[in-house]
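What follows draws every value from the coordinates through simple rules; no lab data is involved. Computed from a predicted structure; not experimentally measured. Neighbour counts are summed over all protein chains in view; Cβ atoms, including those assigned to glycine, are modelled from backbone coordinates with ideal geometry.
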Amino acid sequence: MYKSSHVRGIIFDMDNTLLRSKINFQMMKKQVADYLIDHDLLPVGFPIQEHTTSTMIEYVKANGMSEESYTEVMHMVVQHELIGMEGAGLESHVSELLKALMTGYVLVIVTNNSYKAAVQALETTGIHPYFDLIIGREQMEAMKPSPSGYLAAKQHFPHILESEWISIGDSWIDGRASVDAGVPFISYGLSGHLMKEKGISPVAHIDSLLKLLDYV
Ligand SMILES: [Mg+2]
């Protein structure tokens, strides 16, 4: 069983790790993909099923995308986020977990969501005060699977050593970003199937958040 020498900082993904949001990620992705294909920004036959909305947008951005198209696409994303966050609840055992962790650890969220939407959802669900830092997409150079959000978190707490971080998330993009930032990754929930295909080896998998306590 994986055991870090001494964990002092924990980086959480937000959607479907801490919050059970009702963001319709499939519909969001389809709408964005349709727009990008219609505007000849994505080739027909692009392997959409292997992508998330964020990796698709990063792909198009890297190949050159007008400011106008980017704004339009992000507007679609925000609309889905706002609707989905309205009904957000907590994943099971989140409050118990955070209460157990709050005194001994620096707790950080790194989310591809907008900072504003994230803070609003965290306040609504009552868990905002547990966190020492929240990094939304505006605080990172590029969205996950880029490691930039995780690197920003590490830089923000220089007293925590490289080896003292761990992260947890439900998606392969969390795993990719975390591992590339040098942070051991624990996968959570049911959507672990893509991890292997994407070449990500989590140090552990947990299906209940309370099991995280075994690894810190
Ligand atoms: Mg997630």
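What to note about this one:
- Folded to 0 to 90 degrees: helix 53-62 orientation relative to the chain principal axis, Cα: 60
- Scanning the chain for trypsin sites (Lys or Arg not before Pro) lying in DSSP loops with no more than 15 further Cβ atoms inside 10 Å, the longest uninterrupted stretch between such sites is 23-197.
- Working from label points 7 Å from Cα in the Cα-to-Cβ sense, the residue 50 to residue 211 distance is 2.9 nm.
- Between helix 67-86 and the chain: long-axis angle, C-alpha atoms, 0 to 90°, nearest 10: 50
- 130, 70 arranged by Cβ crowding within 10 Å, fewest neighbours leading: 70, 130
- Positive-end residue, the chain charge dipole about Cα centroid, Cβ charges, pick of 48, 21, 70: 21
- Close amide-amide hydrogen proximity is noted between residue 113 and 137, each under 5 Å apart and 5 or more residues distant or on a separate chain (H modeled in the peptide plane; Pro and chain starts excluded).
- In the chain, the calculated helix contribution to ellipticity at 222 nm averages -12000 deg cm²/dmol per residue, counting -39,500 (n - 2.57) for every DSSP H run with n ≥ 4.
- Surrounding net charge for residue 189, when Lys and Arg each add one and Asp and Glu each subtract one, Cβ distance under 13 Å: -4
- In loop segments of the range 125-216 as defined by DSSP, the GluC sites (Glu not before Pro) with at most 14 further C-beta atoms inside 10 Å of their C-beta are 141.
- When each of 34, 174, 180 is scored by the number of other beta-carbon atoms lying within 10 Å, the sequence from fewest to most is 34, 180, 174.
- Largest-first ellipsoid semi-axes for the range 25-86, taking √(5λ) over the Cα gyration tensor eigenvalues, angstrom: 19, 14, 9
- Residue-wise HN-Hα coupling along the range 35-44, computed from phi with Karplus coefficients 6.51, -1.76, 1.60 (Hz; x: Gly, Pro): 4, 5, 5, 4, 9, 6, 9, 10, x, 4
- For the chain, a crude dipole built from +1 on the beta carbon of Lys and Arg and -1 on the beta carbon of Asp and Glu, taken about the Cα centre, is about 560 debye to the nearest 20.
- Estimated FRET transfer efficiency (residue 68, residue 197; beta-carbon r; R0 25 Å; 0.05): 0.15
- From least to most packed, judged by other beta carbons within 10 angstrom and beginning with the fewest, 215, 35 follow the order 35, 215.
- Sorted peptide list for 76-82, 202-208, 142-148, criterion being average Cβ within 10 angstrom, highest first: 142-148, 76-82, 202-208
- Using the Stokes-Einstein relation with a Kirkwood hydrodynamic radius computed over Cα pairs, the translational diffusion coefficient of the chain at 4 °C and a viscosity of 1.567 mPa s comes to 73 µm²/s.
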